[in-house]
Amino acid sequence: MMASPVLILGARSDIGRALARAYLAKGASVILAARPNENGLLEDDLADLRVRAPSGVTVEAVPFDVTDGAPDAFFESLPQKPGTVVMVAGLLGEQEQSAKIDARAADVLGVNFSGPARYLLAAARAMEGVAGGCIIGISSVAGDRGRASNYVYGSAKAGLSAFLSGMRNEHAKTGLHVMTVKPGFVATQMTEGMDLPAAMTAQPAEVAAAIIKAQEQRRDEIYVKGRWRFVMAIIRAIPERIFKKLSI
Amino acid sequence: MTKSQGSERVHGWGRFPVVETHVERPRTLSTLTRSVDAADSMIVRGNGRSYGDASLHRDRVIETTRLDRMIAIDEASGQVIAEAGVLLSDLLDTFLDRGWFPPVTPGSKFVTLGGMVASDVHGKNHHGAGSFCDHVDWIDLATGDGKVLRCSADQNSELFAATCGGMGLTGAILTVAFRMKPVETAMVRQKTVRAPSLSHALDIFERSHDWTYSVAWIDCLASGNKLGRSAIMLGEHARIDELPVERRKTPLRRPARKAKSVPFDFPSVALSRPSVAAFNRLYYMAQRPGERLVDIDPYFYPLDSIHDWNRIYGKRGFAQFQCVLPLESSQEALETMLTLLSKRGQASFLAVLKRLGAESFGLLSFPRPGYTLALDFPATAENLSVVNELDAITADHGGRIYLAKDACAQPQSLEAGYPRLDQFRKVREAHGLDKRTGSLLSERLAI
C-alpha cells in the first residue's frame, strides 16, 4: 500500500494524469500540482478524478511552478502532508534552440534539473518522519549518455538521476524510499508528431502502472520498458572516441 | 517544445484502406473546438474501431483519445456525462462495481463514447432496448463555425437526429450525457440453443423476445439442408441469488483477465478455407446447449481478450460486411447470401446473426426491424467483389448496410437502404457542415 496522499508535481502532463488515475484506482488520495492556465487549475481533471474516486478517497489541486523559488512554502501550504511525492515536471525543448538561445537553455536546465532538485529536497524535509514515505523522480534515458541531438535536456536529466541516486543513498537508513524512473519514449503531448518506434514507446497508462508496481516492490531504479535498459547499456559501453563520431 | 506534427499512416480496425494524413490529438474540449473551427475540412476519430474508412480524411483527422475525462455521474438516475473520447472499457472499470452497466454495448469495449453516438451502435439487446442513442439525453456538438450546440430530442433536434448515427459528418461531438442501467452482478446467465438450419434459427429468435440479450453465430460454410446452422446465445444479467455462493459477497467484481496480443501479422494461409472450415465446425460443436453463468467480459467482448486480433488477417487487412434485412425478406435474402458464400467457398471467420427491433430516430442510423448479418473477410480483390455482391443482394431485398463496417460499398446501395439520406443532407447543408466535415466514406458514398 502506498503512503497517501500522493502529490503529483506536474499533473497536467499526460503521465501526470495517468498517474493520478492509477493511484486513485489503488485507493490512494491524490493532490494534483500544476501551473494554472487559461482553463484554470485542472478543473476538468479534478471533476474527472472525483467521479472516478472510490469512496473515502480525496482529490485536491494546488498551484505549482517548478521554476518558482519557494519550495518550502509550497509544502507548508499543502492541505495535507504527502506520503508519496512524484516529480513529473519536465521540458524537452529543442536542442537547436537550447544551443542558440540562452533563455531556452536556462528553461530546459531549470525545469528538468534545478527546479525538481530543489522541490525534492524540500519534499524530503517536509516528509521527515512520515512512515512509508516515497519520493519518485521521472528522469530519462536521455540522461544515460550525452548525445548531440539532445544534450542540454539529457544533461539536466543526468543531473536529476545523480541527484536521486544520492538522495536514495542518504535515505537508505531513514526508510524514505527514493525511486528513479526512466520511461524511454512515451506517447505524450511532448513527443507528439515524432516518429517513434512502436516497440520502444510506452503509453502514459503503462508508465503509471509500472511506477506503482515498482513503488510497491520498493525498486531503486526502473526502465518502463525493460528493453531500454539493454539498449542504454550498449550506448553507454561505446568508447568515447567512437561515440563522438556517431549520430545516434 | 516541438509542435511540428508530421503526417501519419491511419486506418480503421479492418486495416483497409490506409491513408497518410495529418492527425491532431487535443487534450481539452476548448482545443478540440478550436481545431474544428480552424480546419477547412476534417473528420473526428475516436479509438479507430470502425472497420472501414469512416474515420479517415485525406488532410485532417482529429482524434479524441486524449479527451477521456468523466464529467459527472448522478448516482440516483445513472446519468453519466463524459468527454467524447472516454472508452467503454473505462466506463465498465469505473461504474460496474457501483452497479451500473452501459444500456447498450457493441461487441468491443475499446470504442469511444463519441464513436458509439456517431455509429449509433447496437448490441445484443437491440430488440428490446434500441440502439445507444436511444439512451443519450444530450450531446454538445462543435459545428466548426465557432459554435458549440447542445443537441437533444428538444434542443437542436434536427442536428441531434443527424448526429446520432451520422458517422461524424455533423461536426465534433464534445461531450455525451447518457443513462447507464442498474445491474446486480457482473455475470450473465447464458442459455445456448443450437439451430440445425436457418429457419430454425429465425424461429428461435422470434420466440426469444423476452430475453434481454440474443445473438447467433452461424456456420456460414455449412450448405444443403444444414445451410445457416447456428448456435444461439441468449442472456440475462444474473441476479445475486443466481450466483455461486462464493461470489455473492462481491457480486459486482469482475475476475481479472489477462489480455493476450497478436504479436505479428499472420501469414495469409492462416485463414485459408480449410482452416476456417475446421474452426467453424469446432466452434459449432463447442457451443454446448444448456444454461450457465458467464462473466460479463467473455460474454460481451470475446475478442477483446486478444489485443490486435485484426492482425490475424495479415498485412492486407480485412473487410467487414454487415447488413440489416426487413423481416419479410430476411429468410430469402439470408439464404441467398449463405448459398453464395458456401458456393464461393468464402471463408468468414465470424458470422453473426441478430434480430433487431425498432428503427432508430437517427437519420443515418443503421438499426431497423429485421435481421442483421455480420461477416468478415480478408481484403483480397476476390473477396471485395463478394462483398459487392452481398451489397447488391441487400439492396434487392430492401435492406441496408452498416456504415461503421463498410469499406467498399457503392453510392447506389446507400441510397437504397437509407430513405432519410436526403433529410440528412439537408441538415448538413443548412449548417454548412457538408463543407466543413468529410471522410473517405462520405466521398466514396457521395453522402
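At a glance:
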item: Set B:Arg207, B:Arg179: member being under 30 Å from B:Arg25 (Cβ atoms) and surrounded by fewer than 19 Cβ atoms within 10 Å (Cβ to Cβ); result: B:Arg179
item: Residue check, B:Asp59 within 14 Å of another protein chain (Cβ to nearest Cβ) and acidic (Asp, Glu); result: no
item: Residues within the stretch B:237-250 that are surrounded by 15 or more Cβ atoms within 10 Å (Cβ to Cβ) and within 31 Å of the chain's Cα centre (by Cα), tallied; result: 4
item: Positions within the stretch A:1-58 being part of a helix (DSSP H, G or I) and of a type in the set (Gly, Ala, Ser), in sequence order; result: A:Gly16, A:Ala18, A:Ala20, A:Ala22, A:Ala25, A:Ala47
item: Some residue of the stretch A:33-41 being in contact (Cβ under 8 Å) with a residue 12 or more places away in the chain and within 24 Å of A:Leu176 (Cβ to Cβ); result: yes
item: Subset of the stretch A:199-212 (residues that are within 20 Å of A:Ala25 (Cβ to Cβ), within 14 Å of chain B (Cβ to nearest Cβ) and not in a loop (DSSP other than H, G, I, E, B)); result: A:Pro204, A:Ala205, A:Glu206, A:Ala208, A:Ala209
item: Subset of the stretch B:74-114 (residues that are away from chain A (no Cβ under 14 Å), under 24 Å from B:Ser214 (Cβ atoms) and at pLDDT 95 or above); result: B:Leu88, B:Phe101, B:Pro102, B:Pro103, B:Val104, B:Thr105, B:Pro106, B:Lys109, B:Val111
item: Candidates B:Ser230, B:Ser214, filtered to the one that is among the small types (Gly, Ala, Ser), closer than 30 Å to B:Lys343 by Cβ, modelled with pLDDT of 95 or more and in contact with a strand residue (DSSP E or B) (Cβ under 9 Å, 6 or more places away or on another chain); result: B:Ser214
item: Residues of the stretch A:170-198 that turn out to be assigned to a loop (DSSP other than H, G, I, E, B) and either at pLDDT 85 or above or under 19 Å from A:Met232 (Cα atoms) (or both), as a count; result: 11
item: Identity of the residue in the stretch A:27-62, charged (D, E, K, R) and within 13 Å of another protein chain (Cβ to nearest Cβ), that ends up nearest to B:Ile71 (Cα to Cα); result: A:Asp48
item: Conditions (1) within 14 Å of another protein chain (Cβ to nearest Cβ); (2) assigned to a loop (DSSP other than H, G, I, E, B); (3) surrounded by fewer than 19 Cβ atoms within 10 Å (Cβ to Cβ); number of the one not met by B:Thr31; result: (2)
item: Which listed residue is modelled with pLDDT under 95 and charged (D, E, K, R), from B:Arg194, B:Arg179; result: B:Arg194
item: Subset of the stretch B:123-150 [over 23 Å from B:Arg49 (Cβ atoms) and not aliphatic (A, V, I, L, M)]; result: B:His127, B:Gly128, B:Asp137, B:Trp138, B:Thr143, B:Gly144, B:Asp145, B:Gly146, B:Lys147, B:Arg150
item: Residue ID - surrounded by the most Cβ atoms within 10 Å (Cβ to Cβ), chosen from residues in the stretch A:231-248 that are closer than 17 Å to A:Ala148 by Cβ and hydrophobic (A, V, I, L, M, F, W, C); result: A:Met232
item: Condition check for A:Gly69: buried (at least 20 other Cβ atoms within 10 Å of the Cβ), within 19 Å of the chain's Cα centre (by Cα) and assigned to a loop (DSSP other than H, G, I, E, B); result: no
item: Residue list for the stretch A:213-241, filter: assigned to a helix (DSSP H, G or I), under 18 Å from the mean Cα position of the chain (by Cα) and not basic (Lys, Arg); result: A:Ala214, A:Gln215, A:Glu216, A:Trp228
item: Strands (runs of 3 or more DSSP E) contained entirely in the stretch B:143-245, each with at least 3 residues that are touching a residue at least 60 places away in the same chain (Cβ under 8 Å), touching a Gly at 6+ places or on another chain (Cβ under 9 Å) and not small (Gly, Ala, Ser); result: B:172-179, B:187-195, B:213-218
item: Residue match in the stretch A:76-96 (condition: part of a helix (DSSP H, G or I) and at pLDDT below 95); result: yes
item: Residues of the stretch B:34-56 classified as buried (at least 18 other Cβ atoms within 10 Å of the Cβ), within 14 Å of chain A (Cβ to nearest Cβ) and more than 23 Å from the chain's Cα centre (by Cα), total; result: 1
item: Filtered residues of the stretch A:98-115 (kept if touching a residue at least 12 places away in the same chain (Cβ under 8 Å) and touching a helix residue (DSSP H, G or I) at 6+ places or on another chain (Cβ under 6 Å)); result: A:Ser98, A:Ala105, A:Val108, A:Leu109, A:Asn112, A:Phe113
item: All positions within the stretch B:341-368 that are at pLDDT 90 or above, surrounded by fewer than 21 Cβ atoms within 10 Å (Cβ to Cβ) and out of contact with any Pro (no Cβ under 7 Å at 6 or more places or on another chain); result: B:Val352, B:Phe361
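Table: residues versus (1) part of a loop (DSSP other than H, G, I, E, B); (2) in contact (Cβ under 8 Å) with a residue 60 or more places away in the chain.
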| residue | (1), (2) |
| --- | --- |
| B:Ile62 | no, yes |
| B:Ile81 | no, yes |
| B:Asp93 | no, no |
| B:Leu96 | no, yes |
| B:Pro103 | yes, yes |
| B:Lys109 | yes, yes |
| B:Gly114 | no, yes |
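The values are calculated or read from the model by the stated rules, or taken from the named source; none is laboratory data. Quantities reported herein were computed from a predicted structural model and do not represent experimental measurements. In this analysis, Cβ positions are derived from the backbone assuming ideal geometry, glycine residues included, and neighbour counts consider all displayed protein chains.
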